[in-house]
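Let me begin by presenting the structure, written as structure tokens, before commenting on it.
The values are calculated or read from the model by the stated rules, or taken from the named source; none is laboratory data. Note that the structure is a prediction, hence the values are computed from the model and not measured. Ideal geometry is used to build each Cβ from the backbone, glycine not excepted, and the neighbour counts take in all protein chains shown.
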Amino acid sequence: MFLIVTYHHVVPGRPDGHRKLFVSRDRLREHCLAMSAWPVATTLDAARAAVTPTVVVTFDDGYRNFADEALPVLAETRTPATLFASTGKIGHSVFEPDYGCVQHYLDTEALRLIDKDDLVQVESHGHSHRPLTGLGDQELAAELAAGTTGLAALLGRQPRHFCYPYGDHDDRVVAATAAAGYQTAVTCIDGNNTGAAPALRLCRIAAEAQWTASDLRSVLTAYLGPATWERR
Ligand SMILES: [Zn+2]
């Protein structure tokens with residue numbers, strides 16, 4: 001059994017209340033310490049093979065604040081994580097109407113350095129971050145191929161894990177993702193996963209900015225059962 005916990009933006013100060021996808025650096029530190037009461041898997045494969053209830057930490061989109069704010073906390077708390085990046089966004093600064101401000105994305109050099117460190121694996125979030133179910137067959141294959149080859153060229157290895165943009169997937173998208181060579185893929189469907197869960201339809205929960213360490217511990221306990229030390 002494993003639970004995948006998702007983050008997007010990590011910011012230095014207190015995030016605005018309405019920004020659901022933002023957590024503060026201090027909050028992330030609290031969360032990492034809370035999660036460390038369970039084993040935190042280094043990769044999605046390791047989580048699928050784990051015999052005890054395990055946590056996986058993921059960050060979506062590849063924002064520059066991952067390197068500036070999240071990575072120092074992950075290093076300090078020795079929390080392994082997977083970072084999903086869309087190749088079409090790499091190095092760009094984009095005005096995002098949903099947030100009402102410009103979002104900066106990590107550049108190639110930063111992503112390469114992050115992936116070289118054993119703590120964080122960079123994996124694929126597609127190329128253009130479009131919802132995939134609306135694409136025609138050829139467009140879908142091309143979108144997956146662009147993300148895969150772009151990331152492979154950057155990292156010097158094949159990406160093996162995929163994150164559906166907006167969690168948007170159906171049977172056809174899942175089949176195309178398998179055909180593109182991915183071992184696992186994550187959705188935005190709330191829930192935990194058993195070792196037998198379909199590898200290309202993994203559930204995740206989104207970490208919320210207002211959750212204290214104790215709130216997160218309660219959530220993890222509800223999904224995974226008591227922390228490792230409590231079961232001894
Ligand atoms: Zn995304």
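For Thr42, the criteria (1) polar (S, T, N, Q); (2) touching a Pro at 6+ places or on another chain (Cβ under 9 Å); (3) not in a loop (DSSP other than H, G, I, E, B) hold in every case but one, which is (3). Being within 28 Å of Leu224 (Cα to Cα), buried (at least 23 other Cβ atoms within 10 Å of the Cβ) and aromatic (Phe, Trp, Tyr) is a condition met by at least one residue of segment 50-65.
Yes/no per residue for (1) more than 14 Å from the ligand (Cβ to nearest atom); (2) more than 27 Å from Glu143 (Cα to Cα); (3) at pLDDT 95 or above:
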{"site": "Gly13", "(1), (2), (3)": "yes, yes, no"}
{"site": "His18", "(1), (2), (3)": "yes, yes, no"}
{"site": "Pro39", "(1), (2), (3)": "yes, yes, yes"}
{"site": "Val51", "(1), (2), (3)": "yes, yes, no"}
{"site": "Val57", "(1), (2), (3)": "yes, no, yes"}
{"site": "Asp68", "(1), (2), (3)": "yes, yes, yes"}
{"site": "Val73", "(1), (2), (3)": "yes, yes, yes"}
{"site": "Ala81", "(1), (2), (3)": "yes, no, yes"}
{"site": "Glu96", "(1), (2), (3)": "no, no, no"}
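Considered as a group, the residues in segment 84-98 that are in contact with a His (Cβ under 9 Å, 6 or more places away or on another chain) and surrounded by 16 or more Cβ atoms within 10 Å (Cβ to Cβ) include one that is nearest to Val120 (Cα to Cα), and that residue is Phe84.
Is there a residue being under 16 Å from Val186 (Cα atoms) and either within 16 Å of the ligand (Cβ to nearest atom) or touching a residue at least 60 places away in the same chain (Cβ under 8 Å) (or both) anywhere in segment 99-109? Looking for residues that are under 16 Å from Val186 (Cα atoms) and either within 16 Å of the ligand (Cβ to nearest atom) or touching a residue at least 60 places away in the same chain (Cβ under 8 Å) (or both), one finds none in segment 99-109, hence no.
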